[in-house]
Amino acid sequence: MDAFLLQMAKAITAGLLMGLVFGLVALGLTIIFGVMDIVNFAHGEFLMIGMYAGLLTATVFGLDPLFGLPVAAVVGFALGIACYYGLVRFLLRGPMVAQLFGTFGLMLFLRNVALLIMGADPQSVHSGLLVGKSFVLGPGIVIEVTKLAAGGLSLLAFGFMWWVMKRTKIGKALTATALDAQAARYMGIPTERMNSLAWGLGGATVGMAGALLLNFWPVEPNVGLLFTMIAFATVALGGFGSISGAAVAGLIVGLLINIPSMWDAFSMLIGGDRLQVGLLHQFKYSFVYAAYFLIMVFRPRGLFGWKH
Amino acid sequence: MEALRQAFDFSDFPRTDLCVAVAVAVFLFVFPALPHSSFAMATMIQFLMFSVYGMGWNTIGGYGGQVDLGKAQYVGIGAYTTAVMQIRWDLPFWVSLPIGMSLAVGWSFIIGYPLFRLRGHYFAIATIATSLILKDVFESWSFIGGARGLKIPLRAEMPDFWFLQFREDYYYYYVILAFFFVGLIYLNWFRQSRIGMQLRCIKDNEEMARSLGIDSHWAKIKAYAVATAFVAAVGSFHACYNFNIEPEDVMSLDLSVLIALMAMLGGAGSLWGPIIGAAILVPMKNYLGAWFGAKAGLIGLDLIIYSTIIMAIAAFEPRGIWGIVTRIRQSRSD
């Protein structure tokens with residue numbers, strides 16, 4: 001019984017901490033989607049570039065990986081703005097298919113530029129204030145400080161974005177653009193600039209998520225696709241365009257990914273022979289995809305969505 | 001009989017189209033007799049395979065306007081059915097081909113029913129999700145080889161027409177060429193048929209289509225099944241042609257997107273579009289890969305060029321190359 005509780009507690013804390021970061025990854029996507037109804041397939045590649053930005057600040061300048069956070073945010077912001085003016089502006093004129101393929105082309109482009117410059121090998125940070133440290137929370141439950149810091153800073157970033165969107169004039173202008181772009185234009189809101197700002201803010205949040213993720217997840221050019229899919233699932237769960245929805249859905253997705261570990265806990269409780277330990281680990285992302293599928297079919301608004 | 005007559009009825013195309021089509025058909029027939037490298041032969045076979053994939057995608061994605069990014073799961077079902085039946089029970093290709101197609105179509109009905117409740121982006125992402133789930137299942141299913149995949153053993157006698165095993169590539173070439181022409185004729189019927197008309201109506205305005213009494217949900221599911229049958233058939237062929245299949249090869253997201261992309265680039269919703277798209281993208285991808293892949297330090301450059309073209313097409317002419325052709329024609333006739 002003790003072993004069961006311990007395993008469950010481990011799975012749940014790991015899931016919740018990862019979930020906060022997933023939520024932050026999804027937040028960028030949901031801001032962009034909420035303002036302009038466009039799905040960005042290159043979202044995971046933005047994350048990958050954020051991770052590389054953090055990595056380069058750590059290795060080239062010899063700074064602690066924590067300093068990578070603002071750098072990644074700035075790089076992400078610039079990238080988002082550049083993508084908007086260079087590509088997305090043109091895609092918006094075409095049909096939905098063009099948006100899908102345009103951002104898909106962007107994804108291939110960014111991935112292969114990274115491959116050309118950085119090479120295919122996975123890289124990670126090995127030193128830093130937080131890397132490798134952990135503290136013990138109760139008997140047997142060890143929490144890595146990197147993950148705790150990532151979770152905490154994600155919460156802070158969420159709070160900041162929520163404040164920007166709900167309490168500032170810019171946030172109100174963004175929401176107005178999201179609700180009705182034409183009416184917003186009549187009210188004197190520069191919707192074109194709001195769109196580019198949405199891309200910038202989306203890029204900045206996902207860049208920060210990348211810098212946080214870097215502390216415990218190696219970066220390579222192909223890392224993006226998995227996170228793109230996770231972000232889609234998270235956004236669908238939370239409701240397209242909803243900030244608090246993204247936070248809660250991120251936690252749910254973090255728990256979903258840890259279903260295999262929970263299964264292991266149950267199989268230990270009942271007896272490992274009948275229920276195979278480790279059976280489900282290969283399917284850990286399938287649970288996320290299945291959740292996306294089910295939520296889209298049965299409740300397309302998501303859990304907290306206001307826009308469909 | 002009427003359907004057969006319709007299938008061979010190309011009379012609504014302008015004469016220049018038909019002249020070009022006949023010239024291309026003649027070229028495809030005599031290509032193996034012309035001097036060529038084995039790389040060119042492999043590229044041509046791939047071009048034909050992707051044309052048929054694209055024709056299949058075109059039914060639901062082009063005429064129906066539903067962007068499907070999960071076609072690779074059906075390639076996988078077709079390829080694995082053929083490989084498993086050949087390895088386990090020694091059944092020839094021509095037996096496993098219809099079985100694989102039926103299995104794929106059956107699966108497409110099961111997931112198509114909930115899938116088509118979604119629209120637009122939501123539909124596209126959901127097709128990716130289903131495809132990736134099936135890939136996970138295939139990767140952990142030891143009966144069909146798991147992540148390492150399957151290897152079809154070579155037969156003692158070659159050429160073997162029942163099992164589709166040949167030493168020379170031109171046999172494969174003519175088999176897939178036959179698929180290509182059957183697909184083209186079928187699609188020519190499809191675009192003029194009742195279901196084809198219904199799909200185009202749904203693409204233009206779904207609410208209008210429903211108000212006219214079209215069961216749009218069922219029409220989409222049927223078109224999706226047709227697309228699936230095309231893709232699964234080529235998947236079966238792929239298993240015999242490559243001998244070696246693994247989930248990463250036949251079921252990856254890249255393949256799904258490539259299929260859709262070729263049809264898109266050529267011009268979705270036109271008969272010639274997928275063929276034009278495949279004729280441009282397949283050789284470009286292969287030859288760029290061969291040129292830059294050989295040079296050290298330039299990995300990825302071929303895909304950078306490739307993705308730049310995709311972005312340019314999506315940004316400036318979303319109707320694809322066929323869209324450019326029709327635009328030029330319109331400006332001439334004005």
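What follows draws every value from the coordinates through simple rules; no lab data is involved. All figures in this text were calculated on a predicted structure; none of them were measured in a lab. So basically every Cβ, Gly included, is an ideal-geometry build from the backbone, and we count neighbours across all protein chains shown.
For residue B:310, neighbours were defined as the other residues whose beta-carbon sits under 15 Å from its Cβ, and their charges (Lys and Arg +1, Asp and Glu -1) total -1.
All distinct Cα pairs of region B:93-166 go into the 1/r average, and the inverse of that average, the Kirkwood radius, is 15.1 Å.
Here is the list for region B:236-312: chymotrypsin sites (Phe, Trp or Tyr not before Pro) lying in DSSP coil, each with at most 14 other C-beta atoms within 10 angstrom of its C-beta, are B:243.
Rounded to the nearest 20, the Cβ-based charge dipole of the protein assembly as shown about its Cα centre (Lys and Arg +1, Asp and Glu -1) stands at 1480 debye. A Cβ-based charge dipole, computed about the Cα centre of region B:2-333 with Lys and Arg at +1 and Asp and Glu at -1, lands at about 620 debye. Return the tail of the calculated pair distribution for region B:91-215, meaning the percent of Cα-Cα pairs more than 20 Å apart. Result: 68 percent of Cα pairs exceed 20 Å. Over all other residues within a Cβ to Cβ distance under 12 Å of residue A:107, the charged ones net out to -1, with Lys and Arg as +1 and Asp and Glu as -1. The residue among B:223, B:300, B:282 whose Cα reaches farthest toward the positive pole of the charge dipole of region B:191-334, with charges on the beta-carbon of Lys, Arg, Asp and Glu, is B:223. Ignoring aspartates and glutamates fewer than eight residues from residue A:169 along the same chain, the ones with Cα atoms less than 19 angstrom from its Cα are A:180, A:192. Spin-label model, residue A:60 to residue A:166: label points 7 Å out along the Cα-to-beta-carbon direction sit 3.9 nm apart.
Is region B:2-333 rounded, prolate or oblate when judged by the Cα gyration tensor, a ≥ b ≥ c being the square roots of its eigenvalues, rounded requiring a/c under 1.5 and prolate requiring a/b larger than b/c?
Taking the square roots of the gyration eigenvalues as a ≥ b ≥ c, region B:2-333 is rounded.
Here A:48, B:41, A:187, B:284 are placed in order of increasing Cβ neighbour count within 10 Å, fewest first, which gives A:187, B:284, B:41, A:48. Computed with the Debye formula from one identical point scatterer per Cα of region B:161-236, without solvent, the log10 of I(q)/I(0) at q = 0.24 Å⁻¹ comes to -1.09.
The fewest-to-most ranking of B:248, A:45 by surrounding Cβ atoms within 10 Å reads B:248, A:45. Ordering B:251, B:235, B:195 by Cα displacement along the dipole of region B:187-290 toward the positive end leaves B:195 in first place; charges were set at the Cβ atoms of Lys, Arg (+1) and Asp, Glu (-1). For region B:36-50, backbone nitrogen atoms closer than 18 Å to the point 7 Å from residue B:13 Cα along Cα-to-C-beta are found at B:48-50. Dividing the convex hull volume of the alpha carbon atoms of region B:1-150 by its residue count gives 191 Å³ per residue. Label sites at residue B:34 and residue A:193, each approximated as a point 7 angstrom past Cα along Cα to Cβ, lie 5.7 nm apart. Shown for region B:1-55 is the translational diffusion coefficient from the Stokes-Einstein equation, using the Kirkwood radius over Cα pairs, a temperature of 4 °C and a viscosity of 1.567 mPa s: 96 µm²/s. Can you tell me the FRET efficiency between residue B:141 and residue B:95 if r is taken as the Cβ-Cβ distance and R0 is 30 Å, rounded to the nearest 0.05? Working from the Cβ atoms, E equals 0.85.
One quarter of the convex hull surface built on the alpha carbon atoms of region A:2-298 amounts to 16.9 nm², the projected area averaged over directions.
Please tell me which of these pairs span more than 23 angstrom C-alpha to C-alpha: A:284/B:151; B:135/B:203; B:220/B:285; B:71/B:203; A:10/A:147; A:147/B:135? Pairs exceeding 23 Å: A:284/B:151; B:135/B:203; B:220/B:285; A:147/B:135.
For the protein assembly as shown, the convex hull spanned by the alpha carbon atoms encloses 185 Å³ per residue. Ordered by the number of other Cβ atoms lying within 10 Å of each residue's own Cβ, fewest first, A:96, B:208 fall into the sequence B:208, A:96.
Taking the charge dipole of region A:2-298 about its Cα centre, with +1 at Lys and Arg Cβ atoms and -1 at Asp and Glu Cβ atoms, the residue from A:24, A:178, A:39 reaching farthest to the positive side is A:178. Charge tally around residue B:223: other residues with Cβ under 14 Å, Lys/Arg +1 each, Asp/Glu -1 each, net +4.
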